[in-house]
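Here the structure is laid out as structure tokens; the discussion comes afterwards.
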Amino acid sequence: GTSYSASAVHAIIEIGLHEQNTTSSPSPPFSKPKPKPASTGGITATTLCTELNLEKSSVSRLLKKLVEAGEVREGFGEDAREKVLGLTEKGRRTLEGIDAFGESQILAAFAQLPPEATPDDILKGINAYGTALRSSRINNSNSISTSASKTTPSNTIPPASKTTPPPIITITTGYLPGLLARCLTMHMTAYTPFGFGVSFESMLSTGFGELLPRLDGLNSEAFTALDTSSTQILGTVFMDGEDLSRTTDSEDVASSGDLPASPAPEDSTDMDKKIEKTKRKVHLRGFVVDESVRGGGVGKKMLDAALAWADERRFEETHLWTFRGLDVARRLYEGRGFVLMDQDMKSMWEGHELLVQHFVRVGRGGELS
């Protein structure tokens, strides 16, 4: 439900729960915590370390970010030697959103229960799971503070004998239901840490949305990494054989939803130098791999399939735009014949200054000018 990390979400929940527990009247589940002055009590950072099972340094960094974001306030309780924590009005609104998201997840799960399941069955299952988690946490804490033992305690859950096998990935072409949604989700997961937000997502959705109806397999194509067991899309790359050819002097490749987009040229001559309209060329766009399978060769397979398609259709050049800092992707590009043609500092999404880089790969029959 939020853009915060799991630890930050749990911190907000713990602080909010403590505020609820210290009010005079109980509050129902998923209710907004009542405002409470910072000087009349609250959870301390030390207690939060215990509740989150995190080191003091990690909690300190976490709280600093939440305070700077306006989610958490600091004050003094009865013991002025240690600060106490509470939620701001913004923090309470965030907690409301977390609660609403959690409630929707629970209701969705309940809807999948068999008809014969009773509330008592659910309660027993939750209690058993909670007890197992507590035992695991206690045992993990003890293993850190004491020397390792070769014997396994009887109340410790033994490790699984087999690891979960990696997903079997197949590269598919063409439109798939949910393609745009998954492409956007993976992009925002990957690029939110760079500070990209609503203007970036809006630009991507417009550009890629315009491309989807043109995926005819002849001039433009989509390549997706598909988990064969779950049918989930775990990677995308688009080959657009039309947008560069139809770019006019007043148009900007940035409007096409590239990642990142090409900046607007200084003048029409600059555009002509970068992209000669007489050549048969294709624009490589929307290359992203889900974080769960990065490093497993999925990106390589997609790129190889996409470039093989471009060569089969006799595209003379493949163009792409990226920005400095994406070193893994750049190594993939250069390992497949892409050459850096030019780079410029540009003010991009959300006002970020980026060194935008333009790469070109020569295909069959092509000649780099």
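The values are calculated or read from the model by the stated rules, or taken from the named source; none is laboratory data. What you see is a predicted model, and the numbers here were worked out from it, not measured in a lab. Heads up, the Cβs are rebuilt from the backbone with ideal geometry, glycines too, and the neighbour counts pull from every protein chain shown.
Just one of (1) at pLDDT 85 or above; (2) surrounded by fewer than 17 Cβ atoms within 10 Å (Cβ to Cβ) fails for residue 24. It is (1).
Taking the criterion of being touching a helix residue (DSSP H, G or I) at 6+ places or on another chain (Cβ under 7 Å) and within 12 Å of residue 15 (Cα to Cα), the residues of the stretch 47-60 that qualify are 48, 49, 51, 52. Exactly one residue among 336, 330, 324 is touching a strand residue (DSSP E or B) at 6+ places or on another chain (Cβ under 6 Å), among the charged types (D, E, K, R) and in the same structural domain as residue 284 (by TED's automatic domain parsing), and that residue is 324. If the condition is being buried (at least 17 other Cβ atoms within 10 Å of the Cβ) and among the β-branched types (Val, Ile, Thr), then the stretch 302-351 contributes 318, 322.
Kindly check whether there is at least one residue in the stretch 44-57 that is modelled with pLDDT under 85, closer than 19 Å to residue 97 by Cβ and loosely packed, with under 15 Cβ neighbours inside 10 Å. Checked the stretch 44-57: no residue is modelled with pLDDT under 85, closer than 19 Å to residue 97 by Cβ and loosely packed, with under 15 Cβ neighbours inside 10 Å. Can you name the condition, by its number, that residue 206 falls short on among (1) buried (at least 19 other Cβ atoms within 10 Å of the Cβ); (2) modelled with pLDDT of 90 or more; (3) among the hydroxyl-bearing types (Ser, Thr, Tyr)? All conditions pass for residue 206, except number (1).
When you scan the stretch 179-187, do you find a residue that is surrounded by fewer than 11 Cβ atoms within 10 Å (Cβ to Cβ) and modelled with pLDDT of 90 or more, even just one? Within the stretch 179-187 (the criterion being surrounded by fewer than 11 Cβ atoms within 10 Å (Cβ to Cβ) and modelled with pLDDT of 90 or more), the answer is no, since none of the residues qualifies. Look at the stretch 330-351: where a residue is within 15 Å of residue 237 (Cβ to Cβ) and a partner is assigned to a helix (DSSP H, G or I), sitting 6+ places away or on another chain with Cβ atoms under 7 Å, you get 332/299; 332/300; 332/303; 336/303; 336/307. Among the candidates 324, 314, 361, 331, single out the residue that is within 22 Å of residue 290 (Cβ to Cβ) and basic (Lys, Arg). On inspection, the qualifying residue turns out to be 331. Among the residues in the stretch 61-70, are any touching a helix residue (DSSP H, G or I) at 6+ places or on another chain (Cβ under 9 Å) and at pLDDT below 80? The answer is no, given that none of the residues of the stretch 61-70 is touching a helix residue (DSSP H, G or I) at 6+ places or on another chain (Cβ under 9 Å) and at pLDDT below 80.
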